[in-house]
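Participant: I'd like to ask some things about the structure below.
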Amino acid sequence: MNLFYGELAPWWPLLSPIEEYADEAAAFIATIEGRRPHARTLLELGCGGGHIAWYLKARFDCTLTDLSPGMVEVSRIRNPECAHAVGDMRDIELGRTFEVVFVHDAIEYMKTEQELAAAFVTAYHHLAPGGLALFVPDCVAERHEGGTEAGGSDAPDGRAARYLEWNEDVEPASTLAVTHYSFLLREADGTVYTRYERHELGLFPQATWVRLLEAAGFNVEIVEEQTDDDRSPRLFFIGHKPEAP
Ligand SMILES: C[S@@+](CC[C@H](N)C(=O)[O-])C[C@H]1O[C@@H](n2cnc3c(N)ncnc32)[C@H](O)[C@@H]1O
């Protein structure tokens, strides 16, 4: 994490091109709009380099937060009109509420039930009564698939970045998934170097997600995404905060 989202944060736009987020961002907006057509204010926890947010901000007034100052800086450059803050989704306190709280793949860095529960409490706390939280983990335990993915892109100034992501297979009862990242980075002067980092991600059964969301106070709805991608569809966990306690 310290490498990918720290030292390598400036490479995020090349490693994970923003065009690749268009379809899923449209699905997130449709999911929210279908349930809260008048919602305007949105808080994202774990915004990373702000690639999903770049699409969300066309529809919502976005406040973007992330644990990594480097990633927040990348998002600030991409989304200068949005409010930004550095903070941990387990305990950030912004002192205001929003109509929508959105948490994309960053939720996977919650490695224990306690951490996941803390993120849900943060989301609930920052929602106005009747607000909606949308959580989109890459997978739940039942749908985890090992395998590899590669990507990256080139910049006009000669810089280029490529990565290989290797998701290890997990034992059926495992609550932790391991992903290895290998990076190949080319500077503008043509120098190429490699870096490696190991990430640990939380893996929770669907029933655990529901139990912890309900414990935080949410009424829970689950939607399976529609996708033509060659992978298991993700589950969108939607938390509805009641109008009155
Ligand atoms: C894959 S990136 C997110 C990319 C993002 N979806 C985008 O559109 O650019 C994952 C992010 O999760 C953030 N993260 C990890 N743990 C976090 C935590 N406890 N609180 C907030 N952000 C966290 C990392 O700093 C990283 O920026």
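The values are calculated or read from the model by the stated rules, or taken from the named source; none is laboratory data. Values in this document were obtained by computation on a predicted structure and should not be read as measured data. For neighbour counting, all protein chains shown are included, and Cβ atoms are generated from backbone atoms with ideal geometry for every residue, glycine included.
Participant: Go through segment 17-59 and give me each residue that's within 13 Å of the chain's Cα centre (by Cα) and assigned to a loop (DSSP other than H, G, I, E, B).
Facilitator: Gly46, Cys47, Gly48, Gly49, Gly50
Participant: Quick one: in segment 57-67, which of the residues that are near the ligand (Cβ under 9 Å from one of its atoms) and surrounded by 23 or more Cβ atoms within 10 Å (Cβ to Cβ) is nearest to Leu15 (Cα to Cα)?
Facilitator: If we take residues in segment 57-67 being near the ligand (Cβ under 9 Å from one of its atoms) and surrounded by 23 or more Cβ atoms within 10 Å (Cβ to Cβ), then Asp66 is nearest to Leu15 (Cα to Cα).
Participant: Now for a separate question. For segment 145-152, indicate whether the set of residues that are assigned by TED's automatic domain parsing to the domain that holds Thr191 and surrounded by 15 or more Cβ atoms within 10 Å (Cβ to Cβ) is non-empty.
Facilitator: Yes, because at least one residue in segment 145-152 is assigned by TED's automatic domain parsing to the domain that holds Thr191 and surrounded by 15 or more Cβ atoms within 10 Å (Cβ to Cβ).
Each row is one residue, and each column tells you yes or no for (1) among the hydroxyl-bearing types (Ser, Thr, Tyr); (2) closer than 21 Å to Phe102 by Cβ.
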site	(1), (2)
Phe183	no, no
Gly190	no, no
Asn219	no, yes
Glu224	no, yes
Asp228	no, no
Ser232	yes, no
His240	no, yes
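Participant: Now for a different question. Just checking, which of Leu15, Leu43 is of a type in the set (A, V, I, L, M, F, W, C), within 14 Å of the ligand (Cβ to nearest atom) and over 23 Å from Arg162 (Cα atoms)?
Facilitator: Leu43
Participant: Sticking with this one: So, in segment 216-233, how many residues would count as being in contact with a Pro (Cβ under 8 Å, 6 or more places away or on another chain) and exposed (fewer than 13 other Cβ atoms within 10 Å of the Cβ)?
Facilitator: Residues flagged as in contact with a Pro (Cβ under 8 Å, 6 or more places away or on another chain) and exposed (fewer than 13 other Cβ atoms within 10 Å of the Cβ) within segment 216-233 amount to 3.
Participant: Check every one of the strands (runs of 3 or more DSSP E) wholly within segment 77-188 and list those with 2 or more residues that are under 28 Å from Leu43 (Cβ atoms), more than 18 Å from the chain's Cα centre (by Cα) and touching a residue at least 60 places away in the same chain (Cβ under 8 Å).
Facilitator: By residue number, 127-135.
Participant: Run Asp229 past the list (1) more than 18 Å from the chain's Cα centre (by Cα); (2) assigned to a helix (DSSP H, G or I) and report the number of the one that doesn't hold.
Facilitator: Checking Asp229 against (1) more than 18 Å from the chain's Cα centre (by Cα); (2) assigned to a helix (DSSP H, G or I), the one that fails is (2).
Participant: Quick check on my filter: what residues within segment 63-96 are more than 18 Å from Ile107 (Cα to Cα) and hydrophobic (A, V, I, L, M, F, W, C)?
Facilitator: Val74, Ile77, Cys82, Ala83, Leu94
Participant: Which of the residues that make up segment 91-112 are more than 13 Å from the ligand (Cβ to nearest atom) and either among the polar types (S, T, N, Q) or buried (at least 18 other Cβ atoms within 10 Å of the Cβ) (or both)?
Facilitator: Passing the criteria: Thr97, Phe98, Glu99, Val100.
Participant: Go through segment 113-128 and report how many residues are within 12 Å of the ligand (Cβ to nearest atom), over 14 Å from Gly239 (Cα atoms) and either surrounded by fewer than 17 Cβ atoms within 10 Å (Cβ to Cβ) or among the polar types (S, T, N, Q) (or both).
Facilitator: So the count comes out to 1.
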